[in-house]
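J.: Structure in structure tokens, see below.
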Amino acid sequence: MGRVSVGHKIINITSASSRGVAVTQLIATLCAFYALAMHVHSALWWLSLAVYFCTGCLGITVTFHRYLCHRSFKMKRSLEYLFSFFGALGGTGSALGWVALHRAHHQYSDQQLDPHSPVNGKFKIFFSQYNFSLNKWTVRDMIADPFHRYVHGYYYILLLIWASVWLAISFKLFLFVVAVPMALQIWISSISNCVNHMLGYRNFETADHSTNNAIVALLSWGEGWHNNHHKYPSNWSFQVKWWEFDISSFVIRLIRTGGSHKRA
């Protein structure tokens, strides 16, 4: 497991233990199936979609991935922290751990050390097997930030508090504010990790198996244009062809304070 020394403290920078993520995934999935069996007003499903937009688009895609991991644009620190908190509620780990994993994915894409490549087992990625060694310099630009260390160190406690608050208000709200959006995030992320390196078309020849998939792009706020991203990882817009709609790039246009999306 990757550990980093900060002063006299040593913290683990893997996003979360495999067991913890697997338990979160199982609970969220079972609750989501229970919600599907309920006869509820459609407004609750729209509520789940709105929360998934906050956790998946604003949190993980815009902030974890394109901002923190690739530093492809600049935005206000207040938005970085707010959206990072949203992303953490998605159930796929803290910003610190997520970035460490994704940078390893780019460094070893579709090789043995890639933490979530289908070449290492097409079904493993669905069960979050994230126990592997990380170079401590992987997240050297984030590790000194107390906010990201705090969220990482108390990740499951924060998830438990988040879930408990909504459960105390209403079991139905717990299902549609916490469980359903979390299940969507976890499973769409897992499917994306697999499909984006197996099925689709390629605009560019890259050293990996990355592909573009329109269905995944629609479900994951633009992350499905994965071959484009692997060709130009520092580009905050994954759109290359005019019809490759990337909703996250439109969000970034609204919030960025600097950073070019020119390909390099």
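Just so you know, all these numbers are worked out from the coordinates, no wet-lab data involved. This one's a predicted model, so the numbers in the text were calculated from it and none came from an experiment. Every residue, glycine among them, receives a Cβ derived from its backbone with ideal geometry; neighbour counts consider all protein chains shown.
J.: How far, in nm, would the chain grow between Val165 and Lys74 when pulled straight, counting 0.36 nm per residue and subtracting the alpha carbon separation?
T.: Working: separation 91, 0.36 × 91 = 32.76 nm, distance 3.29 nm.
Going from the current span to full extension adds 29.5 nm.
J.: Sticking with this structure for a sec: Just subtract the alpha-carbon distance of Trp187 and Ser234 from 0.36 nm times their residue separation and send over the number in nm, one decimal.
T.: Working: separation 47, 0.36 × 47 = 16.92 nm, distance 2.57 nm.
Here the answer is 14.3 nm.
J.: Give me Tyr150, Tyr201 sorted ascending by neighbouring Cβ count inside 10 Å, so fewest comes first. Mind dumping the intermediate values first?
T.: Values: Tyr150 13, Tyr201 9.
Ascending number of Cβ neighbours within 10 Å: Tyr201, Tyr150.
J.: What do you get for Rg/Rh over the stretch 3-255 if you use C-alpha atoms and the Kirkwood form of Rh?
T.: Details: Rg = 17.5 Å, Rh = 18.4 Å.
The Rg/Rh ratio comes out at 0.95.
J.: Going highest first, how would you order 109-118, 180-189 by mean Cβ packing within 10 Å? All intermediate terms of the calculation are to be shown ahead of the outcome.
T.: Working: 109-118: 18.1, 180-189: 23.5.
Ranked from most to least packed, the peptides come out as 180-189, 109-118.
J.: Specify, per residue and in Å³, the volume enclosed by the convex hull of the alpha carbon atoms belonging to the stretch 196-242. Display every interim value, and only then the final one.
T.: Details: hull volume 3.1 nm³, N = 47.
Dividing the Cα hull volume of the stretch 196-242 by its residues yields 66 Å³.
J.: Mind putting together the pair-distance distribution for the stretch 22-86? All Cα pairs, 10 Å bins, whole percent per bin, short to long.
T.: Each 10 Å bin holds this share of Cα pairs: 20, 36, 28, 15, 2.
J.: Determine the gain in length on full extension of the stretch Trp45-Glu205; use 0.36 nm per residue of separation and subtract their C-alpha separation, reporting nm with one decimal.
T.: Additional length available on full extension: 53.6 nm.
J.: Follow-up question, since we're still on this one. Leaving out same-chain residues fewer than 8 places away, which aspartates and glutamates sit with a Cα under 13 Å from that of Lys231?
T.: Partners found: Glu205, Asp208.
J.: Rounded to a whole number of µm²/s, how large is the Stokes-Einstein D of the stretch 138-264 at 25 °C and 0.890 mPa s, given Rh as the Kirkwood radius over C-alpha pairs? Provide the component values of the computation, followed by the final result.
T.: Details: Rh = 17.1 Å.
Once the numbers are plugged in, D ends up at 144 µm²/s.
J.: Sticking with this structure for a sec: Using each residue's phi in the stretch 20-30, evaluate 6.51 cos²θ - 1.76 cosθ + 1.60 at θ = phi - 60° and report the 3J(HN,Hα) Karplus result to the nearest Hz, with x for Gly and Pro.
T.: Karplus-based 3J(HN,Hα) across the stretch 20-30 equals x, 5, 5, 5, 4, 4, 5, 4, 4, 5, 4 Hz.
J.: Ordered by residue, what ³J(HN,Hα) values in Hz, to whole numbers, does the stretch 48-62 give under the Karplus form 6.51 cos²θ - 1.76 cosθ + 1.60, where θ = phi - 60° and Gly and Pro are x?
T.: Ordered by residue, 3J(HN,Hα) equals 4, 5, 5, 5, 4, 4, 5, 6, x, 7, 5, x, 7, 5, 6 Hz.
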